[in-house]
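Notes for the one structure printed next.
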Amino acid sequence: MLKFYKNYMEFFFFSVMLIGLVFALSAPSAVISYFMSLISGMFAGRFVYGRKGKIMFPYLVIIAGFLTGYLIGAYYGNRIVVIALFIFGAVLAYKIYNKGVLRDFKI
């Protein structure tokens, strides 16, 4: 029997990889692909910041799944540039949230 709490990382890796693939296939040009990669990286950076001080490895694997799916579907543009923009966006968003320029409203 499949126990979700033991296998959630693999399930979400595959699910988010498919979402990344769909996002990449919806980009009609290299510029839009680069922009989507940057914005996706910023979302990933915000997600990592939200997990600050907690267990992080499964969530980094899930983020890597999204990036893998995005790279599989990115026909336009250079894949190295896509990776660099994703990482740049993640680091930028993390630092912006860490310095308090942007804040998250938790209810």
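No lab work stands behind these numbers, since they all come straight from the coordinates. The shown structure was predicted, so the numbers you read here are calculated from the model rather than taken from an experiment. For neighbour counting, all protein chains shown are included, and Cβ atoms are generated from backbone atoms with ideal geometry for every residue, glycine included.
The figures follow:
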{"item": "Percent RCO, i.e. relative contact order, over region 17-99, from Cα pairs under 8 Å lying at least 6 residues apart", "result": "54"}
{"item": "Sequence-distant lysines (8 or more away, or on other chains) whose Cα lies within less than 23 Å of LYS99", "result": "LYS52, LYS54"}
{"item": "P(r) weight above 17 Å for region 17-99, C-alpha pairs, percent", "result": "42"}
{"item": "Protection proxy ranking of 90-97, 35-42 - average other beta-carbon atoms within 10 Å, highest first", "result": "35-42, 90-97"}
{"item": "Dipole magnitude of the chain about its Cα centre (Cβ charges: Lys, Arg +1; Asp, Glu -1), debye to nearest 20", "result": "480"}
{"item": "Histogram of C-alpha separations across region 65-107, 10 Å bin width, %", "result": "25, 37, 26, 12, 0"}
